[in-house]
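In what follows, a single structure is set out as structure tokens and then discussed.
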Amino acid sequence: LTPVGTTVTAETGLGNVNITSLASDVKVITGLGGVKIENTKSADVKTGSGYVKIVAIANDVNVIAGKGTIELIMLNGNINAKTGYGDITINSTINESKKWILDSGLGNVELKLSPKSMFSFSCVTGLGKIDFKIKCEITEKTEKKVEGKVGTNPTSSLSIKVGKGDILIEESTVSISI
């Protein structure tokens, strides 16, 4: 067990990091290697190259990957996820008053969201398509940008930017919550 208010830090130049079930904040820095974090208070990950999977985090998630896919599941807080080369996939609920910022230079962004999610959104792709398979109200639409909202009076926001790749937002077929 770790004391309340503790931040657990793991650093490696080459190798994978796997952290599970800590009631603390987690910070991981790796040059080359995969990262899996599950069931912690918060997660802050920086990797030069590697697959990142983060599951069941109580608070905020921050991920920066030079090269690598980012997979996020069942999150409660704010999300800032950026990858230079790789996909970003999320299966979760956007809770009230949260801010999600997703950015992929080269890769797709795919969200499977709970039907309870309500949020305003701005989606931009330099080269790719933007597809919504979720009930939404679109307020602005061009070939490369779509803005609007899901739900009435959303208090959360979603910003997605993709240099080259597609954006897909759809409703999750499985009920997920923490």
Fill in the blank from the handout: By residue number, the members of segment 58-82 that are on the phi > 0 side of the Ramachandran plot, open to solvent by less than 50 Å² (accessible area, probe 1.4 Å) and outside any loop (DSSP other than H, G, I, E, B) are none
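Strands (runs of 3 or more DSSP E) wholly in segment 107-150 with at least 3 residues that are farther than 19 Å from residue 173 by Cα - which ones? Break it down into steps so the answer makes sense when it comes.
Working: elements: 109-113, 119-127, 130-133, 137-141, 145-150.
Counting at least 3 such residues, we get 119-127, 137-141, 145-150.
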Practice task
For segment 8-31, state whether one or more residues are under 26 Å from residue 164 (Cα atoms) and without any contact (Cβ under 8 Å) to a residue 60 or more places away in the chain.
Solution key: yes
Fill in the blank from the handout: Only one of 95, 78 is touching a strand residue (DSSP E or B) at 6+ places or on another chain (Cβ under 6 Å), under 24 Å from residue 149 (Cα atoms) and polar (S, T, N, Q), namely 78
Practice task
Could you tell me whether any residue of segment 31-50 is under 22 Å from residue 103 (Cα atoms) and surrounded by fewer than 16 Cβ atoms within 10 Å (Cβ to Cβ)?
Solution key: yes
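Checking the condition surrounded by fewer than 19 Cβ atoms within 10 Å (Cβ to Cβ) and touching a residue at least 40 places away in the same chain (Cβ under 8 Å), which residue from 144, 129, 149, 99 passes? Reasoning before the result, please.
On the way: 144 fails: touching a residue at least 40 places away in the same chain (Cβ under 8 Å); 129 fails: touching a residue at least 40 places away in the same chain (Cβ under 8 Å); 149 fails: touching a residue at least 40 places away in the same chain (Cβ under 8 Å).
Unique residue meeting the criteria: 99.
The values are calculated or read from the model by the stated rules, or taken from the named source; none is laboratory data. Just so it is clear, the model here is predicted, and its values are computed rather than measured. Neighbour counts run over all protein chains shown; Cβ positions are idealised from the backbone, glycine included. Please note that ligands, DNA and RNA were not included when accessible areas were found on the heavy atoms of the full protein model with its side chains. Shrake-Rupley method; radii C 1.70, N 1.55, O 1.52, S 1.80 Å.
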